[in-house]
Amino acid sequence: MDNAELYEFKTHAFVIKIWLEDSLRWRGHITHVPTGERRYIEDLGEIDDFIWPYLEKMGIQRKILEKLYNLLRHRRIRRLVKDGTHNGMDTTGGAGE
């Protein structure tokens, strides 16, 4: 396997389309681009459920991914507070679930 093939094997792309239905709940779908597999979602937590099996196949450990996510979330919050752009925004890293 050459470098380009290895890169493609270890690369995943997802398209996520979400919308707020009746101003009450999130709806949408997520598509794995290389395979075309699509799942319709009714809860934003289902995004993680769809993506995670692909990451596991790549050998990514959930614990490491959670640490990275937390690090990035905390950096975002600090930047928003420092810039003063946090007013009226959700700085918890949540998606409004």
Grab the beta carbon distance between Thr31 and His74, set R0 = 35 Å, and tell me the FRET efficiency rounded to 0.05. 0.70
3J(HN,Hα) from dihedral phi, segment 42-58, Karplus parametrisation 6.51/-1.76/1.60, rounded to Hz, x for glycine, proline: 10, 8, 4, x, 5, 4, 4, 4, 6, 6, 4, x, 5, 5, 4, 5, 7
Summed residue charge, Cβ within 11 Å of Arg39's Cβ, Lys/Arg positive, Asp/Glu negative: -3
Taking θ = phi - 60°, what integer Hz values does the Karplus form 6.51 cos²θ - 1.76 cosθ + 1.60 yield along segment 26-32, in sequence order, with x for Gly and Pro? 7, 9, x, 8, 10, 10, 7
Please arrange Lys63, Lys10 by how many other C-beta atoms lie within 10 Å of their C-beta, fewest to most. Lys63, Lys10
How would Phe14, Phe50 line up from fewest to most surrounding beta-carbon atoms within 10 angstrom? Phe14, Phe50
Which residues qualify? For Phe14, with a placed amide H closer than 5 Å and at least 5 residues away or on another chain, they are Val33
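Each value in this text was obtained by applying a stated rule to the coordinates, not by laboratory testing. Since this is a predicted model, take the numbers as computed values, not measurements. Neighbour counts run over all protein chains shown; Cβ positions are idealised from the backbone, glycine included.
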